[in-house]
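Every number in this text was worked out from the coordinates using simple rules, so none of it is lab data. A quick note: this is a predicted structure, and the numbers were derived from the prediction, not measured. Here the Cβ is made from the backbone with ideal geometry for all residues, glycine too, and neighbour counts use every protein chain on show.
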Amino acid sequence: MSSLNDYKGKRNFKGTPEPDGTPQESKKIVDHSSNISGRFVVQEHHARRLHWDFRLEKDGVLKSWAVPKGIPLNKGVKRLAVEVEDHPLEYIHFEGEIPRGNYGAGTVTIWDRGHYSIKEVTNKKMEFVLLGEKLQGGYALINTKDNQWLMLKTYDEEEKS
Ligand SMILES: [Mn+2]
């Protein structure tokens, strides 16, 4: 799975408890009957700088963004989301301590998880609905340049017709 080369290249799996990217899980779980596109997770990562990692299950990997100020909870709030390397599916369960000296050293805890359904995808924009424990409602990720995206909440769950 070539899209995990960056992930593997940044880490020494003798030094970190993170998954090594060897495929273990079957590919994405798609429930066509309920219009679910896959799972998502948000990991709170107390690294050198605190940030939240937003990951969507897509094309057999976790597409990943680091969100320094956290996922927007309110409609209209925009947050910078920096696209980072694809992570293996197994990472969706990861919580723990990445030891000092390793890439991303610090504590990772799962802040939210659930499923999402895609509404629209282009190179520059993804629109989706999150069905998590904390995060509910419509969201968009808009590419502004290079690896920089804006994440924003487009509507609250209550507004859904
Ligand atoms: Mn991180």
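For the range 101-149, applying the loop criterion from DSSP together with a ceiling of 14 other beta carbons within 10 Å to the GluC sites (Glu not before Pro) yields E133.
Per-residue ellipticity at 222 nm computed for the chain from its helices equals -500 deg cm²/dmol, with DSSP H segments shorter than 4 residues left out and the rest contributing -39,500 (n - 2.57).
If you take all other residues with their beta carbon under 10 Å from the beta carbon of V67, and give Lys and Arg +1 and Asp and Glu -1, the sum is +1.
Lysine pair count for the range 1-120 (Cα-Cα distance under 19 Å; residues 8 or more apart in sequence or on different chains): 14. Evaluated at q = 0.14, 0.15, 0.18 Å⁻¹, a Debye calculation over the C-alpha positions of the chain (equal weights, vacuum) places log10 I(q)/I(0) at -0.70, -0.80, -1.17.
Taking θ as phi - 60° and the Karplus parameters 6.51, -1.76 and 1.60, the scalar couplings of the range 69-81 work out to 9, x, 5, x, 9, 10, 4, x, 6, 10, 10, 5, 10 Hz in sequence order, x denoting glycine and proline.
Please list, by residue number, every one of the trypsin sites (Lys or Arg not before Pro) in the range 88-161 that is coil in DSSP and has at most 13 other beta-carbon atoms within 10 Å.
R100, K124, K134, K160
Going from the fewest other Cβ atoms within 10 Å to the most, the residues F128, F13 appear in the order F13, F128.
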